[in-house]
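Down below is the structure, laid out as structure tokens.
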Amino acid sequence: MHIHSYYSDGVMSPAEIAALCMRNGLGFAVLTDHDNMNGSAQFAAECKKAGIKCVSGMEISAYTQVKVHILGYGMNAACDAYKKFLSFVCEGAVARTADILSKLKKRGLALSFEEVMRERRCAASPLHTMYIARAAARKGFAPSPGAFYIDMLAPGRPAYSDVGRPSPEHALEVIAACGGISSLAHPGRITLPADEEYALIERLRSCGLAGIEAVYSGHTEEETAYFKGVAAKLSLLVTGGSDTHYPEGSRAIGTPDFHPSAQLLSALGIN
């Protein structure tokens, strides 16, 4: 329930992802590109051919005092609220890219807008901060895109920009307005003390948060158990996902092992 294609910061097409889902034996999968559902229709068509059940989805990159990503499932892409949100994030991404490039230039790291745009593998993908990291690594500014992101672009780092970023509450409003259900992505990666994170989850629950991604490729067994407990305490659905971006690596499609509950499948309209 958490896979990225080249419509955001992944490298595979929706068709390639559907083929991997079939090869890895999945019965249910969701494409969740950052801030858009541009690949959802193609993914659904390929999943149908493969006999894999799916719903539309996306991962909204939201920010409050920290980065908080919200997964949206079963959203209607024809909804006016989604179209308005897509316009907002696309325009915001362009403005944010300009802000980041300006900050990098002041530090002697010159990148052009064109160099960043060349990192997109799909013209329908909104600009993503990772494209800047890839362009920087290609130019020799860091040994890898990940290293450049951590050093320069992550929250609190010299070239970080919050221009055009939605709040978690905004994300929840959009998902609900489009008939979807929401889940807090990879809570183990939220950089807050446990008590503050719990308070944040409670706050988002009061704003309509429906689930929490307790089963996640980067969670330890202890974290998985803890977040399942949080879900039970706050009456949240448990979702799971690999957060796959590449065909290789530790976040393989179908890992960790996750079996959606009957309640979750019912909420998603899956029989």
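Throughout, read-outs are computed from the coordinates displayed, never taken from laboratory work. Computed from a prediction, not measured in an experiment: that's the story for all the values here. Positions of Cβ are generated from backbone atoms using ideal geometry, with glycine treated the same way; all protein chains shown enter the neighbour counts.
Axis angle, to the nearest 10 degrees, between helix 168-177 and the longest C-alpha principal axis of the chain: 50 degrees.
For the chain, the relative contact order works out to 21 percent when only alpha carbon pairs closer than 8 Å and six or more residues apart are counted. Cross-link partners of LYS106 among lysines, defined as those whose alpha carbon lies under 23 angstrom from its own and excluding same-chain residues fewer than eight positions apart: LYS139. From the alpha carbon centroid of segment 1-78 to that of segment 160-186 is 16 Å.
Adding -39500 (n - 2.57) for every DSSP H run of four residues or longer, then dividing by how many residues the chain holds, sets the calculated 222 nm ellipticity at -12000 deg cm²/dmol. To the nearest 10 degrees, how steeply does helix 129-138 sit against the main Cα axis of the chain, on a 0 to 90 scale? Tilt of helix 129-138: around 50 degrees. The SER87 and GLU221 beta-carbon pair, evaluated with R₀ = 41 Å, returns a calculated FRET efficiency of approximately 0.45.
For the pair ARG121 and ASP162 in one chain, pulling the backbone fully straight at 0.36 nm per residue adds 12.3 nm over the alpha carbon distance. When a/c is below 1.5 the answer is rounded, else prolate if a/b is larger than b/c, else oblate, so apply that to segment 121-271 with a ≥ b ≥ c taken from the square roots of the Cα gyration tensor eigenvalues. Here segment 121-271 falls in the prolate category. If you plug the beta carbon distance of ALA95 and LEU192 into 1/(1 + (r/R0)^6) with R0 = 30 Å, you get a FRET efficiency near 0.65. The amide H of HIS69, built 1.01 Å from its N in the peptide plane, has ALA62, ALA185 as neighbours under 5 Å, considering only residues 5 or more places off or on other chains. In the chain, the ratio of gyration radius to Kirkwood radius, Rg to Rh, stands at 0.95 when only Cα atoms are counted. Amide H to amide H distances under 5 Å link ASP9 with HIS34, where only residues 5 or more positions off or on other chains count and H is placed in the peptide plane. At q = 0.13, 0.19 Å⁻¹, what is the log10 ratio I(q)/I(0) for segment 26-97, with the Debye formula run over Cα points and no solvent? Listed by q, the Debye log ratios stand at -0.43, -0.80.
Once C-alpha pairs closer than 8 Å and six or more residues apart are averaged by separation and normalised to the residue number of segment 1-73, the relative contact order reads 29 percent. Projecting the Cα positions of GLY269, LEU86, MET58 onto the charge dipole of the chain (unit charges on Cβ atoms of Lys, Arg, Asp and Glu, taken about the Cα centre) puts LEU86 furthest along the positive direction. A simple rule links phi to the HN-Hα coupling: the Karplus curve 6.51 cos²θ - 1.76 cosθ + 1.60 with θ = phi - 60°, which for segment 101-108 gives 4, 5, 5, 5, 4, 5, 9, x Hz, with x for Gly and Pro.
Considering only PRO14, PRO168, PRO193, the mean-square fluctuation computed in a Gaussian network model of the chain, springs between alpha carbons under 10 angstrom, is largest for PRO193. Restricting to segment 28-142, compute how many DSSP beta bridges are antiparallel as a %, nearest 5. Antiparallel: roughly 70 percent of the beta bridges in segment 28-142. Seen against the Cα atoms of the chain and their longest principal axis, helix 194-206 is set at about 70 degrees. Within segment 187-253, the GluC sites (Glu not before Pro) that combine a DSSP coil assignment with at most 16 other C-beta atoms in a 10 angstrom radius are GLU248. Loop-located trypsin sites (Lys or Arg not before Pro) across segment 7-56 with a Cβ neighbour count of 10 or fewer within 10 Å are lacking, with loop assigned by DSSP. Checking the Cα-Cα distances for LYS84/LYS105; LYS67/LYS233; LYS48/LYS233 against a 28 Å cut-off, the pairs over it are LYS84/LYS105; LYS48/LYS233.
For segment 129-246, the relative contact order works out to 18 percent when only alpha carbon pairs closer than 8 Å and six or more residues apart are counted.
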